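The values are calculated or read from the model by the stated rules, or taken from the named source; none is laboratory data. Model, not experiment: these values are computed from the prediction. Positions of Cβ are generated from backbone atoms using ideal geometry, with glycine treated the same way; all protein chains shown enter the neighbour counts. Just the protein is used for accessible areas: all its heavy atoms, side chains included, with ligands, DNA and RNA removed. Shrake-Rupley method; radii C 1.70, N 1.55, O 1.52, S 1.80 Å.
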Amino acid sequence: MDTKLKCLLLDDELPGLTYLKMLCEQIPELEIVKTYNNPEKFLSDIPDLEFDLLISDIEMPGIDGLHLAEMLQNKLVIFCTAYKEYAADAFNIDAVDYITKPVKLERLQKAISKALERFVKPETGKKFLQLNTDKGKILLYFNQIQYIKTAISDSRDKTVLLTDGSFLNLKNIKFDTLLKELPEADFCRVNKKEIVAVKAIKFFNHNEIVLHHLEENNKNASLILSETYRSDFLKKVKL
């Protein structure tokens, strides 16, 4: 692939920034545009910068990397931090990846590969499916989906939870058909009856996935993670 990502680096600790730059220079898919050790200076420069990807620390003086990333529009973000506890927050804001320090070249290369996939996909890939529902045909956009499950009324149908909290009933469609059409990196089957959007996940453990979505009892929706699909799921959310 000839695509190069224009990349900015941000870390308030100079030794860490220098080391990260050295690693990035060994990855041919990256073009280092500029490095910053001051998040506020970075923020002031944003209007004049052309870049595709930010690789940033999280805990920094003035503003943390999570809040900073939320201010960026249509930019890819990879976090490199010494702290594991921000991982769920990072994926909640749709970060490409979350790397714990010390950063290794192999791990960074894997994160860059993910960024390249996401960078190229909007140009060439579909953003929605045309499907039959109990109310007629619909254009179902991938970014609207939180999870898909077998409908209670008819196992041939599928119920979709949307990001606005509403539900759709898809008529007579198989999970295999849906999985072939959904972006592979963004969706995962977790048991025989459910597919989940990775961005909808708040927490997970060996047997359960907890979503950001709150049900009527004000508790977070949860899904069972079955042994059959566990390995594939863990690969997609691996830190």
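Which residues, counting only those in the range 7-62, are touching a residue at least 40 places away in the same chain (Cβ under 8 Å) and charged (D, E, K, R)?
Passing the criteria: Asp11, Asp12, Glu13, Glu29, Glu50, Asp52, Asp57.
If you go through the range 182-189 one residue at a time, do you hit one that is of a type outside the set (A, V, I, L, M) and more than 17 Å from the chain's Cα centre (by Cα)?
For the range 182-189, residues of a type outside the set (A, V, I, L, M) and more than 17 Å from the chain's Cα centre (by Cα): absent.
Quick check on my filter: what residues within the range 190-230 are in a strand (DSSP E or B) and more than 18 Å from the chain's Cα centre (by Cα)?
Within the range 190-230, Asn191, Glu194, Glu208, Leu214, Asn220, Ala221, Ser222, Leu223, Ile224 qualify.
Can Glu59 be described as under 29 Å from Lys202 (Cβ atoms) and in contact with a strand residue (DSSP E or B) (Cβ under 9 Å, 6 or more places away or on another chain)?
Judged against the criteria, Glu59 is a match.
Could you tell me whether the range 195-211 includes any residue that is surrounded by 12 or more Cβ atoms within 10 Å (Cβ to Cβ), out of contact with any helix residue (DSSP H, G or I) (no Cβ under 9 Å at 6 or more places or on another chain) and either under 17 Å from Asn143 (Cα atoms) or in contact (Cβ under 8 Å) with a residue 60 or more places away in the chain (or both)?
Yes, the range 195-211 has at least one match.
Across the range 94-116, what is the number of residues that are surrounded by fewer than 18 Cβ atoms within 10 Å (Cβ to Cβ) and under 20 Å from Glu59 (Cα atoms)?
Number of matching residues: 5.
Filter the range 215-236 for residues that are open to solvent by 70 Å² or more (accessible area, probe 1.4 Å) and either within 10 Å of Ile201 (Cβ to Cβ) or of a type in the set (Lys, Arg) (or both) and give the result.
The answer is Lys219, Lys235.
Taking the range 159-176 as the region of interest, how many residues are of a type outside the set (Phe, Trp, Tyr), within 24 Å of Thr228 (Cα to Cα) and open to solvent by less than 70 Å² (accessible area, probe 1.4 Å)?
Residues in the range 159-176 being of a type outside the set (Phe, Trp, Tyr), within 24 Å of Thr228 (Cα to Cα) and open to solvent by less than 70 Å² (accessible area, probe 1.4 Å): 4 in total.
Starting from residues that are assigned to a helix (DSSP H, G or I) and touching a strand residue (DSSP E or B) at 6+ places or on another chain (Cβ under 8 Å), keep the ones in the range 136-146 and report whichever is least open to solvent (accessible area, probe 1.4 Å).
Phe142
Taking the range 125-134 as the region of interest, how many residues are open to solvent by 90 Å² or more (accessible area, probe 1.4 Å) and either assigned to a strand (DSSP E or B) or without any contact (Cβ under 8 Å) to a residue 24 or more places away in the chain (or both)?
Matching residues across the range 125-134 total 2.
Scan the range 147-158 and tell me whether some residue there is at pLDDT below 95, out of contact with any helix residue (DSSP H, G or I) (no Cβ under 8 Å at 6 or more places or on another chain), surrounded by 15 or more Cβ atoms within 10 Å (Cβ to Cβ) and not basic (Lys, Arg).
The answer is no; no qualifying residue exists.
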